[in-house]
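What follows is one structure encoded as structure tokens, with my remarks underneath.
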Amino acid sequence: MTTDILITGAAGFIGKAVLTELSSKDQIDMDGAPQTIGNILALDLSTDALLDLADHDPRIRLISGSLADKDILHQIAAAQPKVIVHLAAVVSSAAEADFRLGVDVNVNATIGLIDVARQFNAAPLFVFSSSVAVFSCADNDTIDEDTLPRPMSSYGTQKLIGELMVRDASRKGMIRGRTLRFPTISVRPGKPNAAASSFASGIIREPLAGRQAVLPVGKDLRLHLASPERACSNTLTAIALPQDALHAETTITLPGVSVTVAEMLEALQKIGGDDAVGRVIEQHDTKVAQIVRSWPGEIRTPRAEQMGFKADESIEQIIELHASLMPERSKS
Ligand SMILES: NC(=O)c1ccc[n+]([C@@H]2O[C@H](COP(=O)([O-])OP(=O)(O)OC[C@H]3O[C@@H](n4cnc5c(N)ncnc54)[C@H](O)[C@@H]3O)[C@@H](O)[C@H]2O)c1
């Protein structure tokens, strides 16, 4: 018996990492027991970026289109994957800029997917990707994993609605849900973007690649961070968990490394030298600073850790890992 897996948002940053990891394995733990991976359905608006992966793995089936599209939902209903990893989303700045689009994808498409899944012959394991953006706090404070979420953005609000839908559908036995609140991911490869958190990757990635980066916030700001590799491994931990381990509480705030910007720059200096730190230009942006000060600087996560979810060891380790994967460095 093999287990089919659907990944939505498979061409995105975390989706492609999870797809690559699954594609490298024959078996993984799912719902408390080892299972052989069957077909991997990789869904995204465009799947062009996944053609190479699919060429090398006959188990990967690419599905191009929107989750908001009824034809796509019919394809999912026909396939009845036993595991759904729902990563498709309109992310923070885009959801803030376009309220309608954010609601359509982050809320309505999530509900549409749950609605299809509840009609499967057997309730599928359903991993939903949320974010620590559901939280807000006074002045970059320390909070707990079960602090009441009070989102200060459309994105955080939409993710919280998704969390509650997953919780309710799981309570009713329609899906076997588990929601992961991902920390801010750093170091994210690629280009700087319009997200308020963009600098958290930019101040490491750009200087290491010989380019300047702008630091729009004070160096005393703290961030709850995880590496892309940790985001991927914690997603596999979520798939592996037996449903009983959740005790009906389907939302899990993932552990992270709590680090100040000053500590990030110290680590950058150790790994990239004075030249790298010299490429970080302080240019205060009141709007960005205001947004990020409403984010928790640290989140205590004993429940998640007890369930097997892990944080990275340190910011140095995160930067070392990123540097080792940079094309220009891995050659040397
Ligand atoms: N990366 C982070 O820092 C971070 C932090 C917290 C939470 N998350 C969450 O993790 C998930 C993955 O994040 P990511 O960084 O890989 O984002 P991403 O933007 O790289 O990927 C999201 C993918 O979803 C796809 N998508 C958007 N609308 C769609 C639709 N209607 N139908 C099908 N696909 C659609 C996009 O094309 C994109 O490839 C998201 O749900 C995000 O909210 C990410």
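General remarks:
- With bins 10 Å wide beginning at 0, the percent of Cα pairs of region 103-220 falling in each bin runs 12, 33, 29, 18, 7, 1.
- Computed over region 1-148, Kirkwood Rh from alpha-carbon pairs, angstrom: 16.4 Å
- Note, ³J(HN,Hα) from phi for region 253-266, Karplus 6.51, -1.76, 1.60, rounded to Hz, x at Gly and Pro: 8, 6, x, x, 8, 8, 8, 7, 4, 4, 5, 5, 5, 4
- Nearest 10 degrees, 0 to 90: helix 228-240 Cα axis against the chain principal axis: 30 degrees
- Rounded if a/c under 1.5, otherwise prolate or oblate - region 227-332, Cα gyration tensor axes: oblate
- Rg ratio (alpha-carbon, reference 2.2 N^0.38 Å) - the chain: 0.98
- When the GluC sites (Glu not before Pro) in region 280-332 are filtered for DSSP coil states and for at most 16 other beta-carbon atoms within 10 Å of their beta-carbon, the remaining sites are Glu313.
- Counting 0.36 nm for each residue step from Leu51 to Asp29 and taking away their Cα separation leaves a gain of 5.3 nm.
- Charged neighbours of Gln212, selected by a Cβ distance under 10 Å, balance to +1 (K, R count +1; D, E count -1).
- Positive-pole candidate from Leu51, Ser324, Val257, dipole of the chain, charges at beta carbon: Leu51
- Across the chain, the mean sequence separation of Cα contacts (distance under 8 Å, 6 or more residues apart), normalised by length, yields a relative contact order of 18 percent.
- Lys/Arg +1, Asp/Glu -1 at C-beta; region 199-332 dipole; positive extreme among Ile291, Ser201, Ala226: Ile291
- With 5 Å bins beginning at zero, the pair-distance distribution over Cα atoms of region 139-204 amounts to 3, 13, 17, 19, 19, 14, 9, 5, 1, 0 %.
- Cα-centred dipole magnitude for region 144-191, charges only on beta-carbon of K, R (+1) and D, E (-1), debye, nearest 20: 260 debye
- Electrostatic dipole magnitude of the chain [Cβ: Lys, Arg +1; Asp, Glu -1; Cα centre; debye, to 20]: 480 debye
- Note: relative contact order over region 1-137, using C-alpha pairs below 8 Å and six or more positions apart, is 26 percent.
- Cα-based convex hull, region 1-82, per residue volume (Å³, whole number): 92 Å³
- Among the listed pairs Lys70/Lys287; Lys191/Lys270; Lys159/Lys270; Lys25/Lys191, those beyond 32 Å (Cα-Cα): Lys70/Lys287; Lys159/Lys270
A short reminder: the numbers here are calculations on the coordinates, not readings from a lab. Please read these numbers as outputs of a predicted model, since none were measured by experiment. Note that each Cβ is placed from the backbone with ideal geometry, even for glycine, and that neighbours are counted across all protein chains shown.
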